[in-house]
Amino acid sequence: METIKTDFLIIGSGVAGLRAAIELASYGEVLVVTKEVLEESSTEYAQGGVAVALSDEDEVGIHFEDTIRAGDGLCREDAVRVLVEEGPDRILELIKWGAEFDRIDSKLDFTLEAAHSRKRVLHAHGDSTGKEIERVLINKVMSYNNIKRFPYSMTIDLIVNDEGRCIGAKCLKDNEIHYIFARATVLATGGAGQLFSRTTNPSVTTSDGMAMAFRAGAVLEDMEFVQFHPTVLYAPNAPQFLLSEAMRGEGGVLRNIYGERFMERYHPQAELAPRDVVSRAIISEMVRTKSTHVYLDLTHLDSDFIKKRFPRIYRTCLIYDIDITRDRVPVSPAAHYTMGGIKTDINGKTSVPGLFAAGEVACTGVHGANRLASNSLLEGLVFGKRAGESASICIDEELELLQVKDEENHITVDNYSEIRTRLRRVMWERVGIIRCNESLSLARDELKSIGEAVRGSFLDRRSLELKNMHQTATVITETAIRRRCSIGAHYRSDYPSREGCMYHIQCKTDEKEGILFTTERVG
Ligand SMILES: Cc1cc2nc3c(=O)[nH]c(=O)nc-3n(C[C@H](O)[C@H](O)[C@H](O)COP(=O)(O)OP(=O)(O)OC[C@H]3O[C@@H](n4cnc5c(N)ncnc54)[C@H](O)[C@@H]3O)c2cc1C
């Protein structure tokens with residue numbers, strides 16, 4: 001058991017955590033704790049790009065309107081305004097720090113993605129935008145002597161004092177517990193994709209931050225809004241590899257197993273309709289044609305252009321004998337992004353004093369009921385900086401050390417793999433793209449039974465993650481049960497209407513009720 005003291009604790013090393021760390025470096029000592037190597041994060045795998053109103057044909061106001069429209073009326077406008085107005089400065093700053101976005105001649109090359117009404121998506125090395133952003137931020141972090149790194153460390157729980165203030169976190173590294181005490185803690189642990197059996201997200205996204213904050217008394221908001229990406233590789237023995245939205249932006253089309261284009265039957269924008277519409281259309285087409293997938297077809301595009309524009313996707317598909325310049329690519333949807341999360345204001349403040357959150361783990365309300373493609377890397381930069389700025393004020397707080405009483409009898413989850421697979425299947429099949437009261441009630445029952453298996457005190461990463469996944473899965477299911485209407489990414493086949501859906505659902509732990517839900521009406 002070890003005690004570590006720092007001014008600022010950052011949990012997570014994706015775009016949001018690293019940007020917050022850079023901001024805090026001017027104020028004191030910063031410690032970045034992360035589960036694996038610094039790079040391992042959703043950020044590293046982001047392909048398509050980062051949306052920003054910087055081109056001559058674009059305006060901040062149009063980016064604002066597109067984001068609000070994608071959010072289906074549930075975006076918090078103040079957060080969207082901050083995102084689109086501060087976005088250009090964050091990107092220019094990143095370029096100053098060395099980010100190499102693709103250019104045509106010397107001009108930045110903006111591409112079009114679904115539901116954007118202008119070409120505004122910057123990309124790097126074709127389809128490796130996240131990797132480039134992560135590279136630049138890590139280099140910047142390394143340039144500060146007062147930003148320390150703590151890799152291969154999983155935070156288990158936040159440490160909260162008797163007044164309910166967060167004063168640090170308990171962390172597992174090399175099978176040892178470390179107590180990290182800080183004047184302010186920033187959670188930037190990313191999303192919850194791993195809760196679903198089909199997901200684009202890396203293995204670290206087990207919703208730990210949401211579960212830890214929830215246990216510490218923080219309010220979570222709109223957890224039922226999970227975005228499913230329509231086009232994820234579906235091939236035997238292949239990983240669930242994302243085929244970027246930009247492939248449809250550049251002219252790729254969707255075909256069913258009979259080779260027919262079908263998107264025009266579902267939406268006037270066809271392949272460029274919002275993600276939830278495309279995902280549901282694919283599922284309907286799969287059911288109609290009794291197949292496990294549809295096809296993404298780029299074969300009519302210039303093959304040199306495809307190889308140059310999507311080099312990483314081209315190389316990855318080739319490993320599985322799919323040449324995207326010649327073959328139609330089998331795809332089906334998968335869980336991709338969590339719109340809901342720890343409720344914060346536009347400065348990253350959560351409802352727990354001393355605790356800040358930014359990036360996918362947080363819910364500023366910027367995405368409403370559905371995220372506009374490529375807005376989340378920008379979100380990490382803009383709100384990561386803001387969370388850092390607002391945490392910096394805590395430099396004047398006393399550094400409090402607390403004697404933490406620990407459970408002694410640690411166990412591991414029996415049949416871990418089986419239970420994890422079961423939980424992920426329940427979420428995918430019953431709380432996935434199309435939900436209804438029957439499927440959600442069955443999920444509730446199954447999660448209750450899984451809950452018996454994840455009860456106890458654990459000290460191994462796999463069991464701890466499973467406990468977090470179960471807790472977040474329960475919250476998502478319960479909020480989805482309570483939202484009896486369809487809006488954005490939440491679709492109920494028994495309540496397909498959007499009518500009466502204009503509210504946010506907030507929840508927190510409650511000694512008596514277990515989970516206490518409240519609704520906040522909009523407009
Ligand atoms: C395949 C893919 C493609 C995408 N493409 C795009 C795109 O083109 N454009 C776009 O805008 N968005 C895209 N996204 C979404 C975007 O990448 C993410 O929303 C964004 O990167 C999230 O950043 P973050 O900093 O909040 O979290 P992440 O980048 O996920 O980082 C979370 C960090 O927290 C750490 N962590 C988690 N739990 C713990 C714990 N208990 N203890 C310690 N550390 C912990 C993780 O190890 C990781 O370092 C994509 C996502 C994926 C998966």
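For this structure, a couple of remarks:
- Selected residue [open to solvent by 30 Å² or more (accessible area, probe 1.4 Å), more than 12 Å from the ligand (Cβ to nearest atom) and of a type in the set (F, W, Y)] from Y144, Y152, Y179: Y144
- Just so you know, in segment 452-482 the residues that are surrounded by fewer than 21 Cβ atoms within 10 Å (Cβ to Cβ) and of a type in the set (K, R) include one that is farthest from the chain's Cα centre (by Cα), and it is R455.
- Filter pass, E260 being acidic (D, E) and either touching a Leu at 6+ places or on another chain (Cβ under 6 Å) or surrounded by fewer than 16 Cβ atoms within 10 Å (Cβ to Cβ) (or both): yes
- Hits in segment 91-111 - residues which are under 29 Å from A270 (Cα atoms) and either in contact with a strand residue (DSSP E or B) (Cβ under 7 Å, 6 or more places away or on another chain) or more than 15 Å from the ligand (Cβ to nearest atom) (or both): F101, R103, I104, L108, D109, F110, T111
- Among the conditions (1) within 11 Å of the ligand (Cβ to nearest atom); (2) touching a Phe, Trp or Tyr at 6+ places or on another chain (Cβ under 7 Å); (3) under 27 Å from L272 (Cβ atoms), R198 misses just one, which is (1).
- Out of V329, V352, one residue alone is within 23 Å of the chain's Cα centre (by Cα) and among the hydrophobic types (A, V, I, L, M, F, W, C). It is V352.
- Taking segment 409-428 as the range and being among the acidic types (D, E) and without any contact (Cβ under 8 Å) to a residue 12 or more places away in the chain as the test, only E418 passes.
- Selected residue (only one of G87, G126, G168 is in contact (Cβ under 8 Å) with a residue 60 or more places away in the chain, touching a strand residue (DSSP E or B) at 6+ places or on another chain (Cβ under 8 Å) and on the phi > 0 side of the Ramachandran plot): G168
- Any pair with Cβ under 6 angstrom, 6 or more apart, that starts in segment 40-65 at a residue that is within 19 Å of S106 (Cβ to Cβ) and ends at one that is of a type in the set (F, W, Y) and surrounded by 18 or more Cβ atoms within 10 Å (Cβ to Cβ): S55/F110
- Meets criteria (farther than 16 Å from G340 by Cα and open to solvent by less than 10 Å² (accessible area, probe 1.4 Å)) for V226: no
- Restricting segment 449-497 to residues that are of a type in the set (F, W, Y) and either at pLDDT 95 or above or in a loop (DSSP other than H, G, I, E, B) (or both), the residue that is nearest to D174 (Cα to Cα): Y491
- Residues that are among the hydrophobic types (A, V, I, L, M, F, W, C) and assigned to a helix (DSSP H, G or I) do not occur anywhere in segment 407-418.
- Out of N201, N237, one residue alone is closer than 21 Å to L466 by Cα and either open to solvent by 10 Å² or more (accessible area, probe 1.4 Å) or part of a strand (DSSP E or B) (or both). It is N201.
- If only residues of segment 419-443 that are aliphatic (A, V, I, L, M) and in a loop (DSSP other than H, G, I, E, B) are counted, the one that is surrounded by the fewest Cβ atoms within 10 Å (Cβ to Cβ) is I434.
- In segment 155-171, the residues that are open to solvent by 20 Å² or more (accessible area, probe 1.4 Å) and away from the ligand (no atom under 15 Å from the Cβ): V160, D162, E163, G164, R165
- Every test in (1) more than 17 Å from M223 (Cα to Cα); (2) open to solvent by 20 Å² or more (accessible area, probe 1.4 Å) is passed by K508 save one, and that test is (1).
- The residue of segment 112-125 that is modelled with the lowest pLDDT, among those that are buried (at least 20 other Cβ atoms within 10 Å of the Cβ) and within 22 Å of Y314 (Cβ to Cβ), is A114.
- Segment 138-165 residues that are modelled with pLDDT under 95, paired with ones that are within 11 Å of the ligand (Cβ to nearest atom) and open to solvent by 90 Å² or more (accessible area, probe 1.4 Å) (beta carbon under 9 Å, 6 or more apart): none
- Among (1) closer than 26 Å to R462 by Cβ; (2) open to solvent by 40 Å² or more (accessible area, probe 1.4 Å); (3) within 12 Å of the ligand (Cβ to nearest atom) - the single one K131 does not satisfy: (1)
- Hits in segment 35-47 - residues which are within 15 Å of the chain's Cα centre (by Cα) and near the ligand (Cβ under 6 Å from one of its atoms): E40, S41, S42, T43, Y45, A46, Q47
- Inter-residue pairs, beta-carbon under 9 Å, first within 14 Å of Q47 (Cβ to Cβ) and within 12 Å of the ligand (Cβ to nearest atom) and in segment 112-123, second of a type in the set (S, T, Y) and not in a loop (DSSP other than H, G, I, E, B), 6+ apart: V121/T111; V121/T129; L122/T111; L122/T129; H123/T111; H123/T129
- Counted residues, segment 1-17 - those being more than 7 Å from the ligand (Cβ to nearest atom) and closer than 16 Å to G209 by Cα: 2
The values are calculated or read from the model by the stated rules, or taken from the named source; none is laboratory data. Nothing here was measured: the structure is a model prediction, and the numbers come from that model. Neighbour counts are summed over all protein chains in view; Cβ atoms, including those assigned to glycine, are modelled from backbone coordinates with ideal geometry. To get the accessible areas, we keep the full protein, side chains included, count just its heavy atoms, and leave off ligands, DNA and RNA. Shrake-Rupley method; radii C 1.70, N 1.55, O 1.52, S 1.80 Å.
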